[in-house]
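For reference, the structure discussed in these notes is given below.
The values are calculated or read from the model by the stated rules, or taken from the named source; none is laboratory data. Fair warning: this is a prediction, and the values are worked out from it, not measured in the lab. Cβ coordinates were reconstructed from backbone atoms using ideal geometry, including for glycine residues, and neighbour counts include every protein chain displayed.
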Amino acid sequence: MTSQPYRLLTAATVIATLVLIAVGSLVRTTGSGLGCPDWPTCHGAWIPPLERTAIIEYSHRSAAAIVSIFVLALAVTTYITRRHDRALVILATSLIAVLVFQAYLGKLAVEHELPPAIVTSHLATALALLAIASAMFAIASLGSGRTVIHTPERSRLLRVLVITCVVTYAILLWGAYVVKADATTGCISWPNCSAAPIPFVNNGPAQVIIWIHRLSVLVGGAVIGWAALALMREAPALRLGGRALMWLYLAQILVGASNIWTDFSFAARIAHLALAAVIWAVLVTTTVAARYRGEDRTQQANADDRARSGQQSAHA
């Protein structure tokens, strides 16, 4: 498989995983997690009954099946056509491992009637799956002739991006916990919290959970801004990633606020997690891309080196 079809396959895997996460949000938002009380069948059959919650939950399982097909296709293609690319082979193997664990957590979530810890872990592995697929997309886009950039400046940039990834991942997981802990309506005003105006002072459990989430979002905005500013000094593709992160994060804050403004409408709640997943994918893709010099730029750098060597020889 040539570079373009392989890159399209990685992109399709990323998109399918984003859709899966959005459908998972639909399941949680509509309370359809136990629409199919057994696994892998639904009410003992492979075709769900014509009930709203069962159909919604089964749509999630169908989306998971589609993602599984893409993951398997990507892994097999990598082993066959990219077997000499160590980074891609490692990522493809990790992709399969995370997919299997994700399915196992989905089974546990149904069998134990959706405990918050397992449901949050289920999302954590979905985000890990998305991160691996995004990393493979970044590497595939850079080409097989990519080279690792070993400069102090690039090392500093990568540290900033990795810190941003860790903070963002934690925020996403805490946001999922807010939903599963039934703390969503702990504060029904924004940006203040009328039920608990001062964070952690005479707050109930729901208000504590909400305040942790809101304050963590501020921290996330700070690190996203830090990363975006660092990216502004880099190549055009990385600058684009930085700008995308800033605008997406601002949009995410507004979508989060719209949950309250729209009385926690289904559309706002689903969009909140879906947009968070998009931010995560862009952040991981940008972070991986920042580690390398792309194939075209590497070839140009090598050509420049040869030209300089030729000029030095001529002068000698």
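Structural remarks
- Restricting attention to region 1-43, the residues that are out of contact with any Lys or Arg (no Cβ under 6 Å at 6 or more places or on another chain), farther than 30 Å from E295 by Cα, in contact (Cβ under 8 Å) with a residue 40 or more places away in the chain and not in a helix (DSSP H, G or I) total 7.
- Qualifying residue in region 104-111 (condition: in a loop (DSSP other than H, G, I, E, B), out of contact with any Lys or Arg (no Cβ under 6 Å at 6 or more places or on another chain) and among the aliphatic types (A, V, I, L, M)): no
- Residues satisfying the criterion are absent from region 70-83 (criterion: touching a strand residue (DSSP E or B) at 6+ places or on another chain (Cβ under 7 Å) and in the same structural domain as A126 (by TED's automatic domain parsing)).
- Checking region 143-165 against the condition returns no match, with no residue being small (G, A, S), closer than 16 Å to L273 by Cα and touching a residue at least 24 places away in the same chain (Cβ under 8 Å).
- Answer residue from region 140-162, given it is among the β-branched types (V, I, T) and in contact with a helix residue (DSSP H, G or I) (Cβ under 6 Å, 6 or more places away or on another chain) and is surrounded by the fewest Cβ atoms within 10 Å (Cβ to Cβ) among those: T147
- Residue check for G241: in a helix (DSSP H, G or I), among the small types (G, A, S), within 17 Å of P191 (Cβ to Cβ) and out of contact with any Lys or Arg (no Cβ under 8 Å at 6 or more places or on another chain): no
- Complete set of residues in region 169-189 that are more than 22 Å from G31 (Cα to Cα) and buried (at least 16 other Cβ atoms within 10 Å of the Cβ): Y169, I171
- Checked across region 191-208, the condition of being outside any helix (DSSP H, G or I), under 30 Å from H84 (Cβ atoms) and either modelled with pLDDT of 85 or more or within 20 Å of the chain's Cα centre (by Cα) (or both) holds for no residue.
- Looking at E111, E153, just one residue is within 29 Å of Y249 (Cα to Cα), among the charged types (D, E, K, R) and out of contact with any Ser or Thr (no Cβ under 6 Å at 6 or more places or on another chain), and that residue is E153.
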